[in-house]
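Worksheet for the structure shown next.
The values are calculated or read from the model by the stated rules, or taken from the named source; none is laboratory data. The structure displayed is predicted, hence computed values, not measured ones. Cβ placement follows ideal geometry from the backbone for every residue including glycine, while neighbour counts extend to all protein chains displayed.
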Amino acid sequence: MALHKTQYTGLAGWFDARMPTMMVEYRKHLSEYYAPKNLNFWYIFGSLSIVVLVIQIVTGIFLTMHYKPDARYAFESVEYIMRDVPGGWFIRYLHSTGASAFFVVVYLHMFRGLLYGSYRKPRELVWIFGCLIFLMLMAEAFFGYLLPWGQMSFWGAQVIVNLFAAVPLIGPDLAVFIRGDFVVSDATLNRFFALHVIAIPLVLLVLVVLHLLALHDVGSNNPDGIEIKDKVDAQGQPLDGIPFHPYYTVHDIYGLGVFLMIFFAVLFFAPEMGGYFLEWNNFIPADPLATPAHIAPVWYFTPYYSILRAVTTEFMWVLGAGVIAYGVLLYFALRAPRARYLGLGLALALALVMLPASPLALEPKFWGVAAMGASVVIFFGLPWFDQSPVRSMRYRPKWHFWLLIAFVVVFLVLGYFGTQLPSPANTIASQTGTMLYFAFFLLMPWWSRMGTPRPVPDRVTFEPH
Amino acid sequence: MTKLIAVFLVAAGALLAGPAQAAGGAGIEMERFPEAKRTDLAALQSGARIFVNHCLNCHGANLMRWNRLRDIGLEDDKVETFLIFGEQRVGDTMRIAMAPKDGKAWFGKNPPDLSVIVRARTSFDFAGTDYLYTLLRGYYRDQTSLHGWNNVAFPNIGMPHVMWQAQGPRETTIVRVAAVADGYRRTTSVYDADGFVTTTTETVIGPAKEGVSFSFRPADESQARRFDEDMANLVAYLAFMTDPTAVDRTRIGVWVLLFLALFTTAAWWLNGKYWRDVR
């Protein structure tokens, strides 16, 4: 069979003649992928998260060569890697620092989305795949954290798996099914190892590919939140677009250099990051008979942990009242009669199983788990919650921007209280934070429409270097 | 943009500074371990000798290989001749003969393995080195405790004062200030060298800070100072053992960061070159 006629010469030509797909995809995703020319600092975290993903996969492979997923040897084998395997400490610290770095870059990446409305139509699928990646990342981090088999590994897993026991009817059986035992044990360690090293990473990789394909179909958003594809030249290329390669590859390499300096400064000079990246208690081998006085998850889970702990019996009254109020709000705000009765009805039904006085009330522990789950899942709804006529905070009323900053502060405050021992002040702060957290999302359909946006420019704002 | 970054930095600062204020441990202020000892080879070697002679009977260091001591200047033949007493070889880890079952029977709790003890005892409130330095020097005679010893850093500790002869007799004063209904109450307990206690309680006039403080009055000042020196050496060794790659790590780290600074500068320059075309 004849070779494909190629426009390339040399090595590229040799490949193109035999596998035209290669060059087609190269053009589609790199050399002829037109990205807005005004992308700023906040747009670095997407490619950085790919770099961290690669770091995690490569170091993970090397770690599995020496790690022993066995309750008797797991703790020792991690220290063996750190002490006796040549360069092992480097690989292990890359992996442990990488885990935290992953969440840092992903949180900043998500913040960028909120700042410039990157999730808005037509990028809903990009956002949904991104949220799924975030969910998988959380699962990956949770399963991986058990593997060093220290006290925090053990008790953290114990606490979180026990949460599933709060699910009505099937709860206790579900918890046993997850653990594979009545307590966290060797069986749990083995299955978490399997999930951590193959199951979740496979899903994660597929989702990353989908996230990128979806993005490259619709094109990148930009800080001005306008469509560059609306203004094209004679060849049909966006006037404000520039090829991803070489402009953004060279840009991202520069960003990567800055990122790696911070990353390696932590890795080489403070790998424990003051007990936030590697918790001190996790240097004590897991002991099922000695519960630590203070069980705190790693920093990236603490906002959700705060929300979990905020839900007490008394707080159920507040939450229940909040749900009823939201139902009433829906009743008055929605137009279609079916929708308004459905909204109110659902809210009342929910209140019936929430309010502690109700005979149908489920225990607060369950609602704590539900609130924690909802606090993560709620991100999926953003493309529909946000009803602002413009995408980017640049042209929305200034107070929208400060509302977003307030949300970030609430998130950080929740995170801080999640690291602390429970106390009455902590509980009040977490409960206030929880209400504000959910209010930010659930009231967005209304507040995002309020105020007058400033005029949006026709073309992107860009100052040449 | 700059404002935004500033907001994040302030928030991050508040986040990291917070936990340092929380109370913990035995409620005392830990004494400062002399950090210079960490890189002092003579101190580390002396610490290793104390560790092997006094600790490595009840406490193991199952993750630490004998030949790792070469990192603090002790060659294999020296280790074999002067430090290993039993059948072990330099490639073995520092295991002990005492069975965990016996440890539990004798001390109420199996003495913990000390391989990573400095890291394990670090918390948001104090460094593991400060804690161990305070603990090892914080024993006092107490006739009311099971084995006649107590500790300011670890009340009702299961481990007796193994090195009491080296430290010498001392008088111990522990002051506890606690809030009561009408102000503060200060309780002063003075333990004499034989562990008999005299306690006086008084109401504090004016504002006071809650907490526990302690002081010692050794019979022989110079002996107590020598003991402090030995314990600093021992803690330096424990800190080395907990993280033997720390010295290598920081040394390599400097070069990596220098390389990255160079790399980033080149990338920044290249970036500028390419982006000059974009109008």
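Worth pointing out:
- Search result, residues across the range B:160-205 that are more than 15 Å from residue B:216 (Cα to Cα) and part of a loop (DSSP other than H, G, I, E, B): B:160, B:161, B:162, B:163, B:181, B:182, B:205
- Failed criterion for residue B:273 (all others in (1) within 13 Å of another protein chain (Cβ to nearest Cβ); (2) closer than 19 Å to residue B:169 by Cα hold): (2)
- Check on residue A:254, within 11 Å of chain B (Cβ to nearest Cβ), at pLDDT 95 or above and more than 30 Å from residue A:363 (Cβ to Cβ): yes
- Elements of type helices (runs of 4 or more DSSP H) contained in the range A:348-434, each with 3 or more residues being within 14 Å of chain B (Cβ to nearest Cβ) and in contact with a Gly (Cβ under 9 Å, 6 or more places away or on another chain): A:398-419
- Yes/no for residue B:212 being surrounded by 15 or more Cβ atoms within 10 Å (Cβ to Cβ), over 21 Å from the mean Cα position of the chain (by Cα), at negative phi and in a strand (DSSP E or B): no
- Checking the stated criteria, residue A:445 turns out not to satisfy the condition of being within 14 Å of chain B (Cβ to nearest Cβ) and either part of a loop (DSSP other than H, G, I, E, B) or closer than 23 Å to residue A:332 by Cβ (or both).
- Flag for residue A:266 being closer than 27 Å to residue A:104 by Cβ, more than 9 Å from every other protein chain (Cβ to nearest Cβ) and of a type in the set (Val, Ile, Thr): yes
- Taken over the range A:71-107, the residue count meeting the criterion of being within 12 Å of chain B (Cβ to nearest Cβ) and small (Gly, Ala, Ser) is 3.
Results for (1) within 23 Å of the chain's Cα centre (by Cα); (2) within 14 Å of another protein chain (Cβ to nearest Cβ); (3) closer than 30 Å to residue B:65 by Cβ, shown as yes or no for each residue.
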position	(1), (2), (3)
B:181	no, no, no
B:190	no, no, no
B:200	no, no, no
B:244	yes, yes, yes
B:255	no, yes, yes
B:261	no, yes, no
B:269	no, yes, no
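- One residue from A:278, A:289 being within 11 Å of another protein chain (Cβ to nearest Cβ), outside any helix (DSSP H, G or I) and under 30 Å from residue B:255 (Cβ atoms): A:278
- The residue of the range A:181-204 that is surrounded by the fewest Cβ atoms within 10 Å (Cβ to Cβ), among those that are without any contact (Cβ under 8 Å) to a residue 24 or more places away in the chain and outside any helix (DSSP H, G or I), is A:182.
- Condition check for residue A:452: more than 14 Å from every other protein chain (Cβ to nearest Cβ) and either aromatic (Phe, Trp, Tyr) or in a helix (DSSP H, G or I) (or both): no
- Test: residue in the range B:39-47 that is in contact with a Phe, Trp or Tyr (Cβ under 6 Å, 6 or more places away or on another chain), under 30 Å from residue B:173 (Cβ atoms) and either surrounded by fewer than 19 Cβ atoms within 10 Å (Cβ to Cβ) or away from chain A (no Cβ under 14 Å) (or both): yes
- When residue A:117 is tested against (1) at negative phi; (2) touching a residue at least 60 places away in the same chain (Cβ under 8 Å), exactly one condition is not met: (1).
- Taken as a whole, the condition of being of a type outside the set (Ser, Thr, Tyr), part of a helix (DSSP H, G or I) and at the interface with chain A (Cβ under 9 Å from one of its Cβ atoms) applies to residue B:248.
- Residue match in the range A:351-359 (condition: touching a helix residue (DSSP H, G or I) at 6+ places or on another chain (Cβ under 7 Å) and of a type in the set (Val, Ile, Thr)): no
- Check on residue A:389, loosely packed, with under 15 Cβ neighbours inside 10 Å and under 21 Å from residue A:222 (Cβ atoms): yes
- Test: residue in the range B:81-95 that is crowded, with 19+ Cβ neighbours inside 10 Å and either away from every other protein chain (no Cβ under 14 Å) or farther than 19 Å from residue B:60 by Cβ (or both): yes
- Residues located in the range A:60-75, provided they are within 11 Å of residue A:197 (Cα to Cα) and hydroxyl-bearing (Ser, Thr, Tyr): A:64
- Enumeration of residues in the range A:34-57 that are aromatic (Phe, Trp, Tyr), surrounded by 18 or more Cβ atoms within 10 Å (Cβ to Cβ) and part of a helix (DSSP H, G or I): A:42, A:43, A:45
- Enumeration of residues in the range A:143-159 that are part of a helix (DSSP H, G or I), within 15 Å of residue A:292 (Cα to Cα) and not polar (S, T, N, Q): A:152, A:154, A:155, A:156, A:157, A:159
- Scanning the range A:9-33 for residues being among the hydroxyl-bearing types (Ser, Thr, Tyr) and surrounded by 13 or more Cβ atoms within 10 Å (Cβ to Cβ) gives a total of 3.
- Qualifying positions in the range A:269-289 - in contact with a Lys or Arg (Cβ under 9 Å, 6 or more places away or on another chain) and over 25 Å from residue B:111 (Cβ atoms): A:269, A:271
- Checking each residue of the range B:176-197 against the condition of being exposed (fewer than 14 other Cβ atoms within 10 Å of the Cβ) and at positive phi gives at least one match.
- In the range A:237-251, the residue that is farthest from residue A:93 (Cα to Cα) out of those that are facing chain B (nearest Cβ under 9 Å) and aliphatic (A, V, I, L, M) is A:242.
- Qualifying residue in the range A:226-238 (condition: part of a helix (DSSP H, G or I), touching a residue at least 60 places away in the same chain (Cβ under 8 Å) and either buried (at least 20 other Cβ atoms within 10 Å of the Cβ) or not polar (S, T, N, Q) (or both)): yes
- Per the listing B:239, B:208, B:266, B:246, the residue uniquely farther than 25 Å from residue B:30 by Cβ and among the aliphatic types (A, V, I, L, M) is B:266.
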